[in-house]
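The values are calculated or read from the model by the stated rules, or taken from the named source; none is laboratory data. Everything numeric here is computed off the predicted structure, so don't read it as measured data. Please note: Cβ atoms are built from the backbone with ideal geometry, for glycine as well, and neighbour counts cover all protein chains shown. Note: accessible area is taken over every heavy atom of the protein model, side chains too, but ligands, DNA and RNA are not part of it. Shrake-Rupley method; radii C 1.70, N 1.55, O 1.52, S 1.80 Å.
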Amino acid sequence: MFPKSLTFVLFFGLVATGFPIDVRTEMARAEDFSKSAPRLILRNDLRPHWSSDGSHLCYRIDTAKDHHQFFKVHLETGRKSPAFDHRKLAEALSKAANEDANAKQLPLDPLDISADGSIRFRAFGKSWRYDPAGEAIARDDLPPPQSNLLAPEEVRRGTRRNGPPSALTIENATDSEIEMFWVNGSGGRKSYGKLPPGGTTTQQTYAGHIWLMTIAGGESLAAVETPDIPSTARISARVPAPPRSERDISPDGKWKAFLRDHNMYIAPTDGGDAIAVSSGGTSEDRFTGPLSWSPDSRKLAGFLVKQIEERKISIVQSSPPDQLQPALKEVGYAKPGDPIRQPMPRVFDIGNKQQLPIDNSLFSNPWSISDLAWSEDSSELIFLYNQRGHQLMRIIGIRADSGSARVIHEESSETFIDYSQKTYLRHLPATREILWASERDGHNHLYLIDADSGTIRNAITRGRWNVREVVEVDVENRQLLIKLMGMEKQDPYHLHFARVDLDGGNFTPLTESDGNHGIRFSPDKKFIIASWSRADHPPVAELRSAADGRLLCQLERADDSPLRETGWARAERFVTKGRDGKTDIHGVIVRPKDFDPEKSYPILEDIYAGPHDHFVPKNFSPWSGMRAMAELGFVVVKIDGMGTNWRSKAFHDVAWKNLSDSGFPDRIRWIRTAAETRPWMDLSRVGIFGGSAGGQSTLAALLHHGDFYKVGVADCGCHDNRMDKIWWNEAWMGWPVDESYERNSNVTHAAKLTGKLLLIVGELDTNVDPASTAQVVHALQQADKDFDFLPIMNAGHGAAETPYGKRRRAEFLVRHLIGSR
């Protein structure tokens, strides 16, 4: 038994700090587990090898830590079997190569199985041929698969695809040391070390990930987008930048178009004086590209753009790394209601060296004009007009002989047109048709438009589901490959693939399993590997026919039992009705690893309610930020309420001029309903956290629903949509700026704050103006409200995701949701 004095000290320490746990220690423990968790999922790393003769699919699959096996599937019959006797091949290879070949770690890459059963592969830097029947092995000439090297200029945007696991071998064939960088989705670099001349290393990575190689500390040499199969990138010299587009050259090759002194000129490609085809261009109203020649080389299209004075925001860097005094940074940053450039198309008659007169009345107030295309007979210039305010879009045609304009097709909405996520326009000039996406029937579907009359020839897709993406257009066979969401009797957010004819016939699903899908084609496009998973189901890989989706063979089912043996549990999917009592609202529940159903846990909502997408995870994942928070002793939930994207148009429209709603009537009902059958969810202790739009929603939760949400951490919130970037806010709040902007502002409602609030902001945030958070701070101070404010120096957008920000956020939530118990 403790002495009374010691008991007092321990009790006083708990009250003083508010921490029933050592947050730093628990976060470090969770971080360590996050690194080992992916390795506790087996039979998940499937690496395909397609036979060059089209007879087999061979693949490698992980079977235990650092162990793998090879299997083959006969593509005609779908029969799966071991690719060979691993022990016998290992013995033969060890003897032939004079290396130690482990049967459970055979280094075969690539691998090609022929119809007669013979196997060609590379191992230990050499090529081999193996006859399983005779157990004979001999040297061969199979070359290593080479990665396609890109110029450094081609990868500025960074990684855009997160495909299946792969491997990239990098060979330094230069005479200098090189440094290897992984490039993230924002173009940021992370060094993976240096490689001496003649050195070779293999990076375990993912298909689609971008790698950049530089001379150590200097010039960029080459980049690679990792292929789906392991490959080799041999770096020998700088890869030259791709040649400039030749669109400035007329199709007949006689003229080159260019801009000079704010006007448009042409010059003979074989030499001669430049000729001005425009006049009157000034620094305030200048001609610009992109340029587009008509197929007959008689007309040239460009743009006239008015110059505007762009708004700039001032950001003070308090602690620059290279100087003592603060530094002032000015950043171009347009906000809702600001003037925009509004490009206007112009057409030039090359024969007469003059500009055609054009009536702009049908496209007088553009947010953007895009997708320029000429008709095949050069009679008409066609483009897409998106009117500012995003409630009207038109496909416009301009006659090349007169400059007269017509509306080919028009879409309008009383709320918003989701131009940034759902616009799809594809010209089919040979048949005078246009492929077009529209939500005219309440869901996002594809339509075939007659480019002459502007009438809809037919709906290509239809139903209570959405087309997410047009993956491929087969013009010759008049068929589309599409990615869709909302397959019947499944989670409406699951991704599937299908083929459909342009006339709307022969709709053929290529995937059908109950999960979120991705596909990989065989080289001859006859087969697909369809991989699917759910938040509560490990990945499954299937071999299917690319023609009709027929299941040929289930290749693998990932095994997460080693992970579950640690106490880790799969996320739980939960669905209940929303505010209207009839619409399904989907979300997930994540519990801590040491979960005890006899205990009571505070509920923590991880919120992001941006109308541009949906955010509840649909793929299986061993670790996430939600799990990191759960390990501190929370039950963490994530929900897609009304106003988020990719359900019906009506579901999405809830966000219109209503961002402060954030789906809370649906979220609160969802959490309450889940807790009815889960007594371990403590409705008296509900917290919320989020960043950016999620930061805006977090504070809105405490302002408008303080009877339910008791604690919140809002990071880098766009708390007043008038203060945030122009495109995102005008897309959902409209233009011109009206009273709805003030009505939705957290600044306006600051005096309503109840509960415990921590505001976080990075002083160098160029995504959301840091002044947006500062103005909330001011309003809260004016209202005499208690709250915590944490600016993080030298941090940008998402400051709460820095190590310091994560700890402070976690401590705040633990103190007020767990420590208060």
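Some values worked out for this structure:
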| read-out | value |
| --- | --- |
| Positions within region 21-63 being of a type in the set (A, V, I, L, M) and in contact with a strand residue (DSSP E or B) (Cβ under 6 Å, 6 or more places away or on another chain), in sequence order | LEU42, LEU46, LEU57, ILE61 |
| Region 130-155 residues that are surrounded by fewer than 12 Cβ atoms within 10 Å (Cβ to Cβ), paired with ones that are part of a helix (DSSP H, G or I) (beta carbon under 9 Å, 6 or more apart) | ALA138/ALA96; ARG139/ALA96 |
| Answer from ARG39, ARG47, ARG79 - the residue that is modelled with pLDDT of 95 or more and either in contact with a Lys or Arg (Cβ under 7 Å, 6 or more places away or on another chain) or open to solvent by 40 Å² or more (accessible area, probe 1.4 Å) (or both) | ARG79 |
| Residue pairs meeting the criteria (Cβ under 6 Å; at least 6 apart or on separate chains; first within 30 Å of SER740 (Cα to Cα), in region 325-338; second assigned to a strand (DSSP E or B)) | GLU330/LYS312; GLU330/SER314; VAL331/ILE313; GLY332/LYS312; TYR333/ILE313 |
| Residue list for region 762-821, restricted to those being within 21 Å of LYS312 (Cα to Cα) and among the β-branched types (Val, Ile, Thr) | THR766, VAL768, THR773, VAL776 |
| Some residue of region 727-748 being hydrophobic (A, V, I, L, M, F, W, C), without any contact (Cβ under 8 Å) to a residue 60 or more places away in the chain and part of a helix (DSSP H, G or I) | no |
| Segments classed as strands (runs of 3 or more DSSP E), wholly inside region 356-423, with at least 2 members that are of a type in the set (D, E, K, R), within 29 Å of ASN466 (Cβ to Cβ) and open to solvent by 10 Å² or more (accessible area, probe 1.4 Å) | 405-412 |
| Residue check for LEU428: touching an Asp or Glu at 6+ places or on another chain (Cβ under 6 Å) and modelled with pLDDT of 95 or more | no |
| Residue in region 655-676 that is open to solvent by less than 30 Å² (accessible area, probe 1.4 Å), farther than 23 Å from LEU757 by Cβ and over 28 Å from the mean Cα position of the chain (by Cα) present | yes |
| Filter result (open to solvent by less than 80 Å² (accessible area, probe 1.4 Å), assigned to a helix (DSSP H, G or I) and either out of contact with any strand residue (DSSP E or B) (no Cβ under 9 Å at 6 or more places or on another chain) or closer than 29 Å to ASP682 by Cβ (or both)) within region 776-798 | VAL776, ALA779, LEU780 |
| In region 211-226, the residues that are of a type outside the set (D, E, K, R) and open to solvent by 40 Å² or more (accessible area, probe 1.4 Å) | ILE215, GLY217, GLY218 |
| The one condition in (1) open to solvent by 40 Å² or more (accessible area, probe 1.4 Å); (2) in a loop (DSSP other than H, G, I, E, B) that GLY163 fails to fulfil | (1) |
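Rundown of residues vs (1) open to solvent by less than 60 Å² (accessible area, probe 1.4 Å); (2) at pLDDT below 90; (3) of a type outside the set (Lys, Arg), yes/no style:
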site	(1), (2), (3)
SER231	yes, yes, yes
SER236	no, no, yes
PRO242	no, yes, yes
ASP248	yes, yes, yes
GLY253	yes, no, yes
ALA267	yes, no, yes
SER278	yes, yes, yes
THR288	yes, no, yes
